[in-house]
Amino acid sequence: YGVAGDEGVVVIHSENTDTGAGSGIFGHYVFKTKNLNFVPSYNIPTPENYKLSAGDEIVIDIWGSVVTNISAEISPEGSVYIPDLGPVYIYGQTIAQAERHLKKYLSKIYSGLSEEVPDTFMKLSLGRIKSVTINVLGDVEKPGSYTLPSLSSIASALYLAGGPNNLGTIRDIRLYRNNKLISTLDVYDYILTGNFADNVRLEDNDAIIVAPYSGFVSVRGGVKRPMRYEMKEGETLADLLKYSGGFTNGAYTGGVQVDR
C-alpha cells in the first residue's frame with residue numbers, strides 16, 4: 001500500500017486504549033539532544049583522503065640513519081617551506097598524495113629515502129587543522145554561516161544550526177560544493193541501520209540545503225513508536241511499519257485503517 005507523499009493517518013487497532021499518535025516527528029530529536037553533538041574525533045589517524053589546504057599544519061617525521069622532525073603550515077599560496085629545499089606546493093593533495101610528493105623532494109637531501117633498500121623513512125601526519133566556513137540554509141532552526149574544524153561533517157553543521165525545523169526534511173538534506181551536489185543525507189538510514197556513509201566531511205564555502213518535507217504520515221495505535229514519519233516518494237505501508245518499530249504484541253493485525 002503506497003503512502004509516500006500523502007498527508008494521512010494510519011490507525012492500527014490495539015488492546016491498549018491509548019491510540020493517540022506521538023506529537024513528535026521521528027528523527028528530529030537527533031540534532032536536538034546534547035548527548036549527541038557530532039563533534040569530530042581528533043584521536044584518530046589522519047584520514048588518507050583528507051585534502052590539504054591553506055591553514056593546515058603538516059608534521060613530517062623522518063627516522064633511520066637520520067632522525068628529524070619538520071612542522072610547517074600551508075601558506076595561502078598552497079605551499080609549505082622545507083629547510084634546505086624551499087617551498088613545496090601541496091595544496092589540494094590528499095595526505096597520501098602529499099606524502100609521496102614530499103618524499104620525492106626530501107630524497108634530494110635525505111638520499112636514504114629513495115634507495116633500493118632504504119635506511120631512512122618518512123611519515124606525514126596532520127598537526128593543527130584549519131577551520132572551514134559553511135552555510136546552512138533552508139528550513140533549519142538557526143540558518144546562517146558557521147565556522148567549524150575541517151574534520152567536521154554535515155551532521156556537525158546541522159547540530160550547530162539546531163537541526164531541521166518542523167517544515168524541514170530529515171530525509172533529503174543536500175550538500176553543495178562549487179555549485180555541484182556532493183551528497184544527500186537521509187537521517188533515517190543512520191537511525192535505523194547505522195549507515196552514515198553520506199555524512200561527508202565539509203570543505204570551505206560548502207552549502208547545506210534543507211528543503212521542506214515532501215509528506216508526513218501519522219501512526220496511531222498498536223505500533224511500538226506511534227509518531228509522525230516523513231515518507232519518500234515510492235515508499236509503502238511496509239516501510240512505514242518498519243520505521244514505527246513494527247506491531248506491538250496487542251495489535252490487531254487483521255485490519256489496518258488508513259485515513260487520507
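The values are calculated or read from the model by the stated rules, or taken from the named source; none is laboratory data. Computed from a predicted structure; not experimentally measured. Cβ coordinates were reconstructed from backbone atoms using ideal geometry, including for glycine residues, and neighbour counts include every protein chain displayed. Note: accessible area is taken over every heavy atom of the protein model, side chains too, but ligands, DNA and RNA are not part of it. Shrake-Rupley method; radii C 1.70, N 1.55, O 1.52, S 1.80 Å.
Placing +1 at every Lys and Arg Cβ and -1 at every Asp and Glu Cβ, with all other atoms neutral, what dipole size does segment 150-260 have around its Cα centre, in debye to the nearest 20?
Values: 12 positive and 12 negative charges, 64 e Å.
Magnitude of the dipole: close to 300 debye.
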Could you work out the helix-only [θ] at 222 nm for the chain, with each DSSP H run of four or more residues adding -39,500 (n - 2.57) and the total divided by the number of residues, to the nearest 500 deg cm²/dmol? -3500 deg cm²/dmol
In terms of the ratio Rg/(2.2 N^0.38 Å) built on C-alpha atoms, what value belongs to the chain? 1.39
With Cα coordinates, the longest principal axis of the chain makes an angle with the long axis of helix 95-106, in degrees rounded to 10, of 0 degrees
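Subtracting the Cα-Cα distance from 0.36 nm times the residue separation, let me have the gained length for Arg177 to Val258 in nm, one decimal. Walk me through the intermediate numbers first.
On the way: separation 81, 0.36 × 81 = 29.16 nm, distance 4.13 nm.
Result for the pair: 25.0 nm of gain on full extension.
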Measuring from label point to label point, each 7 Å out along Cα→Cβ, what is the Leu192 to Asp119 span in nm? 6.2 nm
In whole Hz, what ³J(HN,Hα) sequence does segment 114-122 give by Karplus (6.51, -1.76, 1.60; θ = phi - 60°), x for Gly and Pro? 10, 5, 4, 10, x, 10, 10, 10, 9
Pairwise FRET efficiency - Lys224 versus Lys142, Cβ, R0 = 41 Å, nearest 0.05: 0.80
Heavy-atom accessible area with a 1.4 angstrom probe orders Val136, Val258, most exposed first, as Val258, Val136
When the accessible area of segment 72-210 is split by element with a 1.4 Å probe, what percent falls to carbon and sulfur? 48 percent
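Given all pairs of different Cα atoms, what value in angstroms does the Kirkwood hydrodynamic radius of segment 68-200 take?
On the way: mean 1/r = 0.0554 Å⁻¹.
One decimal place: 18.1 Å for the Kirkwood radius.
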Nearest-0.05 FRET efficiency for Thr236 and Asn165 at R0 = 30 Å, using Cβ-Cβ distance, is 0.65
